[in-house]
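What follows is a short report on a single structure.
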Amino acid sequence: NAGVTQTPKFQVLKTGQSMTLQCAQDMNHNSMYWYRQDPGMGLRLIYYSASEGTTDKGEVPNGYNVSRLNKREFSLRLESAAPSQTSVYFCASIRAWDRPGIYGYTFGSGTRLTVV
Amino acid sequence: AQKITQTQPGMFVQEKEAVTLDCTYDTSDPSYGLFWYKQPSSGEMIFLIYQGSYDQQNATEGRYSLNFQKARKSANLVISASQLGDSAMYFCAMRGYSTLTFGKGTMLLVSP
């Protein structure tokens with residue numbers, strides 16, 4: 001089925017460990033996003049890639065890095081995990097950010113990350 | 001900067017009744033879009049409805065309608081004839097320059 005695929009779905013890390021969250025979409029979308037969701041905070045943008053070859057910081061980029069590997073894939077890396085990064089992470093994509101219309105953003109199913 | 005405000009942390013409604021979830025926004029962009037998403041307990045984000053800032057008519061999608069009042073900067077979601085399956089967290093979001101900004105959400109509980 002077409003959509004956004006995130007891996008892994010669950011992960012437990014020890015403080016200081018590193019890991020990469022993977023995201024891939026097969027809808028030929030240009031723009032991809034990483035959000036984190038914390039209780040009472042809604043979804044906050046970490047990084048985004050408006051098009052292949054570009055990445056930009058969002059609202060809460062500290063402690064994260066991203067790579068837009070190709071048009072399909074956008075990964076999020078935690079270099080040295082901290083308990084404050086315990087959260088649910090969502091990847092999302094949209095065909096083109098600058099086109100008005102009813103293009104909803106398509107979200108992956110999320111990665112639940114716990115840092116102990 | 002864009003800002004989305006959802007002032008209702010939780011709402012209760014009886015089955016078959018209508019409910020309005022509030023959303024106000026602030027932006028300096030002349031062109032923007034407003035979305036509502038539903039997040040059930042399973043965690044996925046489900047796109048419900050979209051309203052463009054230049055759309056003349058309020059958006060409707062089945063039982064969902066968006067009450068868009070541009071001068072007041074509000075984009076309230078109206079769910080008609082609530083169903084038990086509507087119990088979920090609802091997020092209002094705004095598309096501005098290349099990003100999507102979310103409110104903190106409203107938890108809706110539908111009782112029999």
Is it fair to say A:Thr54 is of a type in the set (Val, Ile, Thr) and not in a strand (DSSP E or B)? yes
Keeping to region B:99-112, report how many residues are farther than 22 Å from B:Lys70 by Cβ and hydroxyl-bearing (Ser, Thr, Tyr). 1
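Got a sec? Which strands (runs of 3 or more DSSP E) wholly within region B:38-112 have at least 2 residues that are of a type outside the set (A, V, I, L, M, F, W, C) and more than 9 Å from chain A (Cβ to nearest Cβ)?
B:64-69, B:74-79, B:106-111
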Output for region B:9-30, where each listed residue is part of a strand (DSSP E or B) and not β-branched (Val, Ile, Thr): B:Gly10, B:Met11, B:Phe12, B:Gln14, B:Leu21, B:Tyr25, B:Asp26
Let me confirm something: among A:Val60, A:Val88, which residue is of a type in the set (A, V, I, L, M, F, W, C), within 14 Å of chain B (Cβ to nearest Cβ) and assigned to a loop (DSSP other than H, G, I, E, B)? A:Val60
Subset tally (residues that are modelled with pLDDT under 95 and more than 12 Å from the chain's Cα centre (by Cα)) for region A:72-105: 13
Identify all residues within region B:28-44 that are crowded, with 19+ Cβ neighbours inside 10 Å and touching a Ser or Thr at 6+ places or on another chain (Cβ under 9 Å); write none if there are none. B:Tyr32, B:Gly33, B:Leu34
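The values are calculated or read from the model by the stated rules, or taken from the named source; none is laboratory data. On a predicted model such as this, the values are computed, not experimentally measured, just so you know. A quick note on method: Cβ atoms are made from the backbone with ideal geometry, for glycine too, and the neighbour counts reach across all protein chains shown.
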